[in-house]
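Trainee: What follows is a structure written as structure tokens; I'll ask about it next.
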Amino acid sequence: MKNFLLCILVQFLLFSCSTEEVLNPKSDTIDHVGSANASLIPSNKANPYDQTGLDYYNELSAFTDKFGQANSAQELTEQMLFLSGSSDKVKGTNKSIITLTPEMVALILSNPQAELIALIENSALSLEIKNNLIAFVVDLVTKQNDDYDVVYSFIVAYEATVIQDVNLQEDEKDTILKVSAVSRYSLYAEAQRRDRDWETAVTNKNIKPLLEGNEVTLTTMAVLFRKLE
């Protein structure tokens, strides 16, 4: 199952083109800043793969604009299927191109951190890069209660270290920087949602999040990991 999950990410970089035909997201701007916290700025132009994160963010934003926020396991599964290019229902096509199943998403949702680490460990990456990415994931988990601007600064500093590391091969840097870019934008989207949920809770009632901390981002990274290699 885990080895098969590694195959779900092959279409992500190509999928951004087909997504435009369905939802027409913008690929060079962020249209949904709207947060009360003006410090929430997810871009890092020093990362040559920042566009990978921005493409993910715009696809996610277009999806939630059309179908709403995911508030159940079923809705989050459909969102992940869409982002992986595996949801025929959302894309409105008859041709089956399923590379990710609801059962696979459910497995990831059951323990996002463990499943993401397992995917990294079972990948074809070198041991050094596996350890590097696993340490990055663990650091993200330890910072799950920090404000986004603190986590953003951590990710940008991490990316600077990767960029400057002369011992890393270019393809290894590419993988790490794509993963970090997606995590940076995914965490930004989650920070925005928490702001909206908090505003709703003030006027209505407390809202229990579907996943805690950074688990949505860890789930996203697991779903998209292979495509970012």
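Trainee: What is the one condition in (1) within 16 Å of the chain's Cα centre (by Cα); (2) assigned to a helix (DSSP H, G or I) that Q144 does not satisfy?
Mentor: Of (1) within 16 Å of the chain's Cα centre (by Cα); (2) assigned to a helix (DSSP H, G or I), only one is false for Q144: (2).
Trainee: Report whether or not D139 is under 24 Å from V223 (Cβ atoms) and either at pLDDT below 95 or assigned to a helix (DSSP H, G or I) (or both).
Mentor: yes
Trainee: Working carefully through the options R184, R193, find the one that is of a type outside the set (S, T, N, Q), within 15 Å of P42 (Cα to Cα) and either in contact with a helix residue (DSSP H, G or I) (Cβ under 6 Å, 6 or more places away or on another chain) or at pLDDT 85 or above (or both).
Mentor: On inspection, the qualifying residue turns out to be R184.
Trainee: Is at least one residue of region 156-170 within 16 Å of V216 (Cβ to Cβ) and in a helix (DSSP H, G or I)?
Mentor: No, region 156-170 has no match at all.
Trainee: Let me ask something else. Cβ-Cβ distance below 6 Å, separation of 6 or more or different chains: which pairs start in region 147-161 with a residue that is in contact (Cβ under 8 Å) with a residue 40 or more places away in the chain and end on one that is among the hydroxyl-bearing types (S, T, Y) and surrounded by 14 or more Cβ atoms within 10 Å (Cβ to Cβ)?
Mentor: I155/S180; E159/S180
Trainee: Just the residues that are under 20 Å from I41 (Cβ atoms) and either crowded, with 19+ Cβ neighbours inside 10 Å or under 16 Å from the mean Cα position of the chain (by Cα) (or both), please, taken from region 163-178.
Mentor: L177, K178
Trainee: Restricted to region 142-162, and to residues that are among the hydroxyl-bearing types (S, T, Y) and surrounded by fewer than 16 Cβ atoms within 10 Å (Cβ to Cβ), which residue is modelled with the lowest pLDDT?
Mentor: T142
Trainee: Hand me the list of helices (runs of 4 or more DSSP H) wholly inside region 15-115 holding 1 or more residues that are modelled with pLDDT under 85.
Mentor: 73-83, 88-91, 102-110
Trainee: Could you tell me whether any residue of region 120-128 is farther than 20 Å from A46 by Cα, assigned to a helix (DSSP H, G or I), over 15 Å from the mean Cα position of the chain (by Cα) and modelled with pLDDT under 90?
Mentor: Checked region 120-128: no residue is farther than 20 Å from A46 by Cα, assigned to a helix (DSSP H, G or I), over 15 Å from the mean Cα position of the chain (by Cα) and modelled with pLDDT under 90.
Trainee: Right, another one. Mind checking which residues of region 112-134 are of a type in the set (G, A, S) and in contact (Cβ under 8 Å) with a residue 60 or more places away in the chain?
Mentor: Answer for region 112-134, where residues must be of a type in the set (G, A, S) and in contact (Cβ under 8 Å) with a residue 60 or more places away in the chain: A118, S123, A124.
Trainee: Restricting region 41-58 to residues that are under 24 Å from G85 (Cβ atoms) and of a type in the set (D, E, K, R), which is nearest to the chain's Cα centre (by Cα)?
Mentor: Filtering first and then ranking leaves D55.
The values are calculated or read from the model by the stated rules, or taken from the named source; none is laboratory data. Values in this document were obtained by computation on a predicted structure and should not be read as measured data. Glycine also receives a Cβ, built like all others from the backbone with ideal geometry; neighbour counts cover every protein chain displayed.
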